[in-house]
Structures are given as structure tokens and as C-alpha cells.
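Since the structure comes first, as C-alpha cells, the remarks are kept for the end.
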Amino acid sequence: DTLHLTDLLKYELVVIGGESARTDDIGNDLIYGGILDTLCSYLAMGGKMVVFSRWGELGSNPARPLDTVYCEPGTPKQGYLQYFNMDYRVRRLSLFTQTLLNSDLIGAHSLDPAYPELTWDSLATIDHSSPWIEATGIPCPVVAHLVGDAEVLYTYVSRDNSPLTHGKPVAWRYLGDDYQYVFFAVPLSFMNRTEGIAALQAAVSELVSSGPAGTTTIEPDTVDLSGNPPATVDIYLGDFVSGMSAGDVDVAGIRINSSVSPAGTVIIPSKPPFTGEVLQITAPTDSFVATYSDITDTANKGYTVSWTFAGETKRDYALGQVVLIGQDFKAGDANGDGNVNIGDAVYLISYIFRGGPSPQPLEAGDANCNHAINVGDAVYIVNYVFRNGPEPCYP
């Protein structure tokens, strides 16, 4: 409610992120305060925009799971139709009890290789969704019906493969000569942080005049975590923009997935398909994989490399893709129901002290990653579920 068109016109691109759930009854459903008209005016003047949020509802009545919001001309929401290519959207209600938040949105499937797969972060969801202490997915999801020249970027990933939602559009873009935008109808802050950052960077790079400052590739490009994964992965960075070279990179400032520092760097004279010198960056596999949520299947993941050139302060970046083959179990899911909750702690206590059935496989009970199954794992799960403790990891 303090956003003005005169402020927006100073910028080539604006990024709008926020929570707008449960405000449709007042007709102002693009971010709290209702700034849809202002954003549409900015686009009409040739602006560029990235939007991400969540748009659905919470409810306690299973008989009312869906609600359709139409954006036809003459309604307060017609800006969606006129400028964001959205004819209507279907809000999938998230149902809640006193402690449990039920939702079937668990990620978004990318249709563009420049954009990573998005998987929900259960811990972030709990942190953002107080007072609930358990969640099955991201609350307040929607699917969209698109018209015009919009191009779908992501589709809805349903926990239960619901025909009402699975595979329906949840992110799209319009890159016209008159204006441009990328619209995420999913909250990136509820997704795996590395993937959310990479998706936002990919959207920004499409819209601003300067995009990624180099290209990258990784070896091995498929890392099998279920067997004996390599101790390190090598990331190659080259083909820099603006006449820069591998020797211009300040190697002390290199970060992989925003947080991982290299174990070593070396400049090599050439490597196909790059032109000229290439920077070889070696990263510990454990640290690299730890930036992602549990990988329990084969997953195509995006990664980022960021750095500064010597003598500069602006951080540059490059985007890449890697395939991770995960364990066939979820760490901490001792009872094998697909979730990590208090039931797993009870299951472990029964196994350890009362001769109850063992976790299947046994490694699934190693929540604290110390290569042993004991009461410490049950305590670790309790801290994770009730006290926002760290997420169970791979053994």
C-alpha cells in the first residue's frame, strides 16, 4: 500500500515477492494492500517484472476443497487477464487441524532446462506456517488457466497425483515487445533454498539486459548417492562475458549454491565445449549435496556458481544442471510412511527398547547421520518436528 508508479519507473525490472493468501474477499489479491493496478500500469509503460507468491486459501471444511476466481473484464481482478494472461485460477484449499497442515502441493516441475526443478522444503514450510508443527505440503496452492501468448514454465506437482491439480500451470512468462514478466504462482521461499534462488536468478537473467556472466558444466553430471559417490565434483567455468577470462575471477569469492566454498581451483588451457581458458572448481560432494533437500529418487537439480571478478564488487553467476540419484529411502522416515514426524520417533523407541520391528531399510532410522541407530535418532526427530531442529540427513 506504499508502492507508487513513480517509484517503479526508476527501474528496468522489479521483483515482487509476498504473501497474498486469503485476501480475495476484498478484491485486492496481488500482495497485501492491493497493488495490482499499479503493477499493470508499470507493465503498460514497458516495465519488466518477476512475481512470486501464494494465492490460495486455508480451510477446515473438506467438503469445500476448491474455489475458482475469475478475472473477466469489469471485475477488480481484470488486470490478471489483461496483463498477466490469467483467465481464472482455481484455489486448492489447504485443510488444517490443531497441529497438522494438509496440502498436496510438494513442488513444481520445470518445462525449461534453464529453470531447476522445485521441491518443497518441509522445515521452511513449518517455519512459515506457525502454529502447525506438521505439514504434508505447501499451504494455499493454486492452479491457473492461461490465455493469450503466455508460456508455461512450471507445472504443479501433487503429492497424491490429484487429477484436479497435478500437471496444471503454476508458473508462466510473457516476453513480448510491449512488456515482459515471469509469474510464479508458488512461493519460492517455501521451496528448497538453492532451487528457489536458481529459479529466481533464471527469471531475472531472462528479463534484464545483463544475464549470467559465464557458462558452466559439471563432472560427473550424474551423481549416484545410493552407492559410492565420488568424494568431489568438478565444475568448469568459462566463456565469460565482457572480455573477462578465467584469470580475472577472484577465486576466494567463489560460492557454489550460494554457500559452498571450493576445495580447490585451477586454470586449465582448454576444455570442450568452452572457448579459451577454463576455471576448474573442485567441490566436496557431501557439501554440494547437502545444499539440497533429501534426494529419494532420481532428480534433475539446478546449481549456481557465483563469484566476483578481481577489482569488482558486483557478484556474477552462472547456472547449471546436475542429476542426483538418491537413496531409496527418506532419512528419518523410520516407519516408512513417506513422512518424518513424531510417529518415527515412537517407532524407533519401540525398536530400540521393546524389540519392535526395525526401520526398513535400517539406515532410514539414522536421522542424525552418525552411522548408528539409537535413542539419539529419536531425540533428533523430536527436535526437528517440535523445536525447528535440523532436518534429518543421509547416513
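The values are calculated or read from the model by the stated rules, or taken from the named source; none is laboratory data. Values in this document were obtained by computation on a predicted structure and should not be read as measured data. For neighbour counting, all protein chains shown are included, and Cβ atoms are generated from backbone atoms with ideal geometry for every residue, glycine included. Accessible surface is based on the protein model in full, side chains and every heavy atom, while ligands, DNA and RNA are left aside. Shrake-Rupley method; radii C 1.70, N 1.55, O 1.52, S 1.80 Å.
Points worth noting:
- Condition met for V346 (open to solvent by 60 Å² or more (accessible area, probe 1.4 Å), more than 25 Å from the chain's Cα centre (by Cα) and either within 20 Å of I106 (Cα to Cα) or at pLDDT 90 or above (or both)): yes
- Per-region count, the stretch 278-303, residues over 19 Å from E391 (Cα atoms), of a type outside the set (A, V, I, L, M) and in contact with a Gly (Cβ under 8 Å, 6 or more places away or on another chain): 4
- Where T194 falls short, out of the listed (1) assigned to a helix (DSSP H, G or I); (2) under 24 Å from E57 (Cα atoms): (2)
Residues checked against (1) open to solvent by less than 60 Å² (accessible area, probe 1.4 Å); (2) assigned to a strand (DSSP E or B); (3) at negative phi; (4) out of contact with any Ser or Thr (no Cβ under 8 Å at 6 or more places or on another chain):
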position: A203; (1), (2), (3), (4): yes, no, yes, yes
position: E206; (1), (2), (3), (4): no, no, yes, yes
position: T217; (1), (2), (3), (4): yes, yes, yes, yes
position: V223; (1), (2), (3), (4): yes, yes, yes, no
position: V233; (1), (2), (3), (4): yes, yes, yes, no
position: S242; (1), (2), (3), (4): no, no, no, yes
position: L279; (1), (2), (3), (4): yes, yes, yes, no
position: Y292; (1), (2), (3), (4): yes, no, yes, no
position: I295; (1), (2), (3), (4): yes, no, yes, yes
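- Of all residues making up the stretch 147-158, the number that are more than 16 Å from the chain's Cα centre (by Cα) and open to solvent by less than 40 Å² (accessible area, probe 1.4 Å): 1
- Subset of the stretch 244-253 that is assigned to a loop (DSSP other than H, G, I, E, B) and open to solvent by 50 Å² or more (accessible area, probe 1.4 Å) - its residue that is nearest to P272 (Cα to Cα): M244
- Residue match in the stretch 101-119 (condition: in contact with a helix residue (DSSP H, G or I) (Cβ under 7 Å, 6 or more places away or on another chain), modelled with pLDDT of 90 or more and hydrophobic (A, V, I, L, M, F, W, C)): yes
- Test: V305 is surrounded by 21 or more Cβ atoms within 10 Å (Cβ to Cβ) and either part of a strand (DSSP E or B) or in contact with a helix residue (DSSP H, G or I) (Cβ under 6 Å, 6 or more places away or on another chain) (or both): yes
- Test: residue in the stretch 254-277 that is open to solvent by 40 Å² or more (accessible area, probe 1.4 Å), farther than 26 Å from D366 by Cβ and in contact with a Pro (Cβ under 7 Å, 6 or more places away or on another chain): yes
- Of all residues making up the stretch 315-343, the number that are under 18 Å from Y292 (Cβ atoms) and of a type in the set (S, T, N, Q): 2
- For the stretch 364-374, the criterion of a residue being of a type in the set (G, A, S), touching a helix residue (DSSP H, G or I) at 6+ places or on another chain (Cβ under 7 Å) and surrounded by fewer than 22 Cβ atoms within 10 Å (Cβ to Cβ) is satisfied by no position.
- Of all residues in the stretch 166-186, those satisfying the criterion of being outside any strand (DSSP E or B) and touching a Gly at 6+ places or on another chain (Cβ under 8 Å) are D178, Y179.
- Residues of the stretch 312-323 include none that is assigned to a loop (DSSP other than H, G, I, E, B), open to solvent by less than 40 Å² (accessible area, probe 1.4 Å) and modelled with pLDDT of 85 or more.
- Scan the stretch 231-248 for residues that are over 28 Å from the mean Cα position of the chain (by Cα) and not small (G, A, S) and the total you get is 2.
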